[in-house]
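Here the structure is laid out as structure tokens; the discussion comes afterwards.
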Amino acid sequence: MTDDATSVEGAAEAADPQSAAANFGFEADVARLLELMTHSVYSERDVFLRELVSNAADACEKLRYEALSDEKLAAQAAAPLVTIALDKDKRTLTVTDNGVGMSREELISALGTIANSGTRAFLDKLGKDKDAGFIGQFGVGFYSAFMVADRVEVATRRAGEEQAWLWRSEGKGSYQIAPLPLEEAPAVGTRVTLHLNSESDEFLDGWRVENVVREHSGAIAAPIDLIAAPGEEPRRIAEGVALWTRPKSEITHEQYVDFYRQLSGQLDEPALIAHWRAEGRTEYTVLAFVPGARPFDLFDPARTSKSKLYVRRVLISRDMAMLPAWLRFMRIVVDSADIPLNVSREMVQKSPVVGAIGKAIATRVLQELKKLANAEPEKFAEVWKNFGSVLKEGLHEDPSRRDDLFEIARFASTKSGEKTRTLKDYVADLRENQTAIYYLVGDDMKRLRASPQIEGFRARGVEVLLLDDAVDAFWVTSALGFDGKPFKSVTQGQADIDSIALVDDAKTADTAPADVADLLSALKETLGEYVDDVRASTRLTDSAVCLVAPDTGFDRQLSRLLAEHGQQAAFGKPVLEVNSRHEAIVALATALRAKGRDATRDDQFLLLDLARVADGEHPIDAAAFAKRLATLLANKG
Ligand code: ADP
Ligand code: MG
């Protein structure tokens with residue numbers, strides 16, 4: 001494109017459309033977004049300035065990066081600078097940078113389509129949630145300018161090119177691009193001019209603008225000058241120093257928070273800030289944040305641990321996946337002098353130095369999380385609430401980190417109440433003869449707490465971990481155990497808790513177990529198609545029946561998850577356990593003896609359906625179930 005644009009330069013009348021002014025329609029989603037922006041009632045309109053300033057600073061960083069490998073550009077890459085100028089008479093606010101600029105093609109793709117994932121996510125969320133009080137959470141991007149302007153012009157010149165362009169739009173479905181005489185264009189970079197709308201007078205005021213910049217952009221990587229009125233001297237309102245290069249003792253908490261907000265595009269307070277310099281074989285500086293709120297795309301499969309990687313303060317990559325996926329909620333900046341600059345980004349990503357730095361950072365982050373967990377348990381509880389389900393992925397994916405993760409992991413359990421428990425707590429509370437750490441996995445905490453499968457454990461004072469994250473079904477099978485105790489599902493195999501004494505207040509059955517041998521074999525025959533076995537239970541105290549997985553094979557919840565993913569074969573038949581002290585069972589055993597198997601067939605099926613419903617499943621045959629239950633009710637009186 002570079003060559004084309006230069007070759008037609010000056011030939012304004014040429015047939016080549018590239019040299020003439022042209023009109024373009026916005027991509028459909030942009031048009032929708034603009035419609036929202038122009039009619040916006042958002043209170044957070046000032047985010048537009050954050051977006052423009054961050055684009056300007058990005059452009060400066062891009063030029064510095066390109067200049068590394070291009071001498072011609074190196075000559076153009078002056079010290080980065082962003083200038084905001086106000087003009088009350090013309091009602092304009094302009095943001096000028098000396099960054100990389102845009103070619104004609106770049107203008108079309110950058111300012112005519114939705115290239116930015118934050119903007120895309122914002123649109124998706126808007127589709128679902130009409131109350132858009134959350135605009136500030138998103139990097140809504142360039143188009144936010146139309147919240148305050150009814151006309152926007154972008155004059156730009158791509159570094160290294162001879163042709164400049166003027167992009168303009170009223171934000172109403174179309175935009176125009178025309179060649180711009182060089183004397184009207186910025187010598188290097190981009191000038192964005194907003195013709196402010198009648199509701200946006202406040203942004204013509206120097207103090208107001210300065211405040212917005214300090215609040216949202218104080219930690220930006222380029223210095224920012226303000227020209228409050230035409231002819232006035234520029235005044236520096238942000239220094240643009242790379243925060244991480246300064247000694248910790250000189251940085252205030254507010255500066256860290258500002259920097260985090262700039263980096264993440266989120267407005268929350270970070271929950272953890274770690275800033276350190278590593279010396280030794282490779283030297284590097286890290287500034288790392290654990291967010292105080294969940295990023296909107298935490299579970300987006302495309303989300304990686306976005307790290308900004310600098311080499312001697314030149315930004316090499318803004319989204320390098322340096323950390324493992326289970327730390328993808330972190331925001332980090334890494335600056336190292338030991339990474340070779342003369343290789344491509346892809347090579348940098350694969351370089352062993354970067355790999356080693358990433359590992360070392362993960363180790364340090366785990367240490368910091370441990371420290372926080374010990375020093376400020378409440379604060380850590382919040383971190384765990386937000387990111388525990390992501391951190392737990394590490395238990396499955398990164399065996400070498402398992403022990404460290406177990407130290408910080410928090411769980412709900414039959415003893416946790418509203419709080420959480422650590423595995424250390426669990427092991428300290430083991431009952432005599434207890435040989436395993438018991439757990440129950442599911443997707444609904446309320447149902448987990450009410451599960452029949454844990455009744456016998458409760459009666460013996462044996463704690464059961466209640467795990468309701470999708471990832472839980474997986475790590476419990478790959479983790480070997482904790483403190484020498486294996487993890488064991490309470491829904492799998494025979495409950496081996498007979499040797500553990502009942503606790504005093506447990507409802508010890510005054511009735512001896514009934515003789516249910518006949519009932520068990522009748523059930524086995526009647527329900528053989530649906531269950532692998534039927535047996536008397538040691539784990540039930542209050543409920544009549546429950547389903548468990550056979551001794552070998554998968555836990556019930558894992559089988560269910562695998563079945564959902566189409567792996568039907570993995571879903572073996574469950575075992576039906578029967579509480580031989582329960583009056584419903586005693587009654588059925590009696591009825592069986594009196595009336596025979598066929599006459600009690602419906603009741604036998606009801607028992608199975610009962611167990612299924614308690615597990616959150618549907619009855620085998622909903623219509624038959626309804627009929628059987630209705631008959632049972634009819635016979636009641
Ligand atoms: P994002 O910055 O997240 O990519 P934006 O909507 O803010 O999304 O900007 C879209 C694109 O427009 C940027 O990626 C960049 O390519 C281009 N752009 C915007 N402002 C500038 C600028 N001042 N200089 C160079 N390119 C810019
Ligand atoms: Mg942007």
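The values are calculated or read from the model by the stated rules, or taken from the named source; none is laboratory data. The structure presented is a predicted model; accordingly, all values stated were derived computationally and were not measured. Methodologically, a virtual Cβ is constructed for each residue, glycine included, from the backbone with ideal geometry; neighbour enumeration extends over all protein chains shown. The area values use the complete protein model at the heavy-atom level, side chains included, leaving out ligands, DNA and RNA. Shrake-Rupley method; radii C 1.70, N 1.55, O 1.52, S 1.80 Å.
Here is how the numbers come out for the structure above:
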read-out	value
Any hit, region 89-103, residues being more than 16 Å from ligand 2 (Cβ to nearest atom) and within 20 Å of PHE24 (Cβ to Cβ)	yes
ARG236 over 26 Å from ARG328 (Cα atoms), basic (Lys, Arg) and under 35 Å from the mean Cα position of the chain (by Cα)	no
Set LEU632, LEU592, LEU588, LEU540: member being within 43 Å of the chain's Cα centre (by Cα) and either part of a helix (DSSP H, G or I) or surrounded by 20 or more Cβ atoms within 10 Å (Cβ to Cβ) (or both)	LEU540
Residue within region 61-71 that is open to solvent by less than 50 Å² (accessible area, probe 1.4 Å), within 16 Å of ligand 2 (Cβ to nearest atom) and either closer than 23 Å to THR119 by Cβ or modelled with pLDDT under 90 (or both) present	yes
Residue check for LYS415: part of a helix (DSSP H, G or I) and open to solvent by 10 Å² or more (accessible area, probe 1.4 Å)	no
Top-ranked residue in region 232-281 [being basic (Lys, Arg) and either part of a loop (DSSP other than H, G, I, E, B) or under 23 Å from THR363 (Cα atoms) (or both); ranked as modelled with the lowest pLDDT]	ARG281
In region 595-629, the residues that are without any contact (Cβ under 8 Å) to a residue 12 or more places away in the chain and either open to solvent by less than 60 Å² (accessible area, probe 1.4 Å) or farther than 18 Å from GLY528 by Cβ (or both)	LYS595, GLY596, ALA599, VAL613, GLU617, HIS618, PRO619, ALA622, ALA623, ALA626, LYS627
Residue tally, condition aliphatic (A, V, I, L, M) and in a loop (DSSP other than H, G, I, E, B), over region 329-359	5
Failed criterion for LEU36 (all others in (1) aliphatic (A, V, I, L, M); (2) within 16 Å of ligand 1 (Cβ to nearest atom); (3) open to solvent by 30 Å² or more (accessible area, probe 1.4 Å); (4) modelled with pLDDT of 85 or more hold)	(4)
Filter result for GLY118 (modelled with pLDDT under 95 and more than 9 Å from ligand 1 (Cβ to nearest atom))	no
